[in-house]
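What follows is a set of notes on a single structure, which appears directly below.
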Amino acid sequence: MRVYFVGSGPGDPDLLTIRAHRLLRECRICIYAGSLVNPAILNLIPGTAERYDSAGMTLPRIVDAFREAHRKGADVVRLHSGDPSLYGAIREQMNALGRLGIEYEVVPGVSSFQAAAAALKAELTVPEAAQTVILTRGSGRTPVPADQDLSVLGRTGATLCLFLSAGRIRDIAETLARHRGEGCPAAVVYRATWPDQAIVRGTLADIAGKTETAGVGRTAMVIVGEALSQEAPSSKLYAPGFSHGFREGKP
Ligand code: SAH
């Protein structure tokens, strides 16, 4: 018996990995993050399977469900949104399984920051402007360590992908504008890959107002950085005069 922590991707079932799809089709017990997993994905689970929405469950209750499944010898699919390694609270679940001697495995998924970049048709790393991507969040009920506050991370030119933060877009834009300037491009992608996906584009000066007008709050990814600008320099990779290990450049 094994517990599979499975990334369900950003929403569209087409973006499940083949492994995730197989595990869902074979599943006897599924514990899913109901607030974020698309019901179309849950429809892949056999009708006879037991299902639990983790949104209303505490950690001890989830661990009880693992223990019960272990007793029955039935594998569990523990379904998380996006990729389980990001803001998934999987560590405490894995620790509990370790203490119980129950085997577990993690199946990666397409994260929402990747789905948001695709929706924006953006490259998050562009030469000279941004060679680093930071996955982070604004501080709220869950505090962020002081050295990782946006007022610190905003001092770099890295592309920032902000999870769990769209509801605080006004504070975030104000903080980042102090370092990046009001003209720095910013975008909010609501429910990337879902049928009601919405995109708000702007700059740090106007993104908060535009986001509020669009009524976009939860389940949205905020991306900030010069990489979103159409004027960012192009890579040399395909430039005719540039040589690399696989191609001799011709001036
Ligand atoms: N593990 C997930 C993140 C879970 S935290 C992942 O890798 O994507 C939940 C946050 O993820 C939300 O507040 C939102 O910022 C982001 N998110 C999840 N699904 C999203 C989607 N379809 N579109 C935009 N943002 C999404």
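Tabulated values for the structure
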quantity: Difference of contour (0.36 nm per residue) and Cα-Cα distance, Asn43 to Ala198; calculated: 53.4 nm
quantity: Accessible surface ranking that places the most exposed of Glu212, Glu248 first, with a 1.4 angstrom probe; calculated: Glu248, Glu212
quantity: Heavy-atom accessible surface of the stretch 2-107: percent carbon and sulfur, 1.4 Å; calculated: 48
quantity: Share antiparallel - DSSP beta bridges, the chain, percent rounded to 5; calculated: 45
quantity: Order of exposure, largest accessible area first, which applies to Phe246, Phe66, Phe113 with probe 1.4 Å; calculated: Phe246, Phe113, Phe66
quantity: Mean Cα-pair separation over length for the stretch 112-228, i.e. relative contact order, pairs under 8 Å, 6 or more apart, %; calculated: 32
quantity: Helix-only [θ]222 nm of the chain, DSSP H runs n ≥ 4, -39500 (n - 2.57) each, per residue, nearest 500; calculated: -7500 deg cm²/dmol
quantity: Gyration tensor verdict on the stretch 120-210 (Cα atoms; rounded if a/c is under 1.5, prolate if a/b is larger than b/c, oblate otherwise); calculated: rounded
quantity: For the stretch 90-154, accessible area per residue (1.4 Å probe, heavy atoms of protein chains only), Å²; calculated: 55
quantity: For the chain, with +1 on Lys and Arg beta carbons and -1 on Asp and Glu, the positive-most of Val200, Ile62, Ser35 along the dipole; calculated: Ile62
quantity: Accessible-area order (highest first, 1.4 angstrom probe) of the listed residues Ser234, Ser54, Ser139; calculated: Ser234, Ser139, Ser54
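The values are calculated or read from the model by the stated rules, or taken from the named source; none is laboratory data. Not measured: the values here are computed from a predicted model. All Cβ positions, glycine included, derive from the backbone under ideal geometry; neighbour counts span all protein chains shown. Protein only, heavy atoms only, side chains kept; ligands, DNA and RNA dropped before computing areas. Shrake-Rupley method; radii C 1.70, N 1.55, O 1.52, S 1.80 Å.
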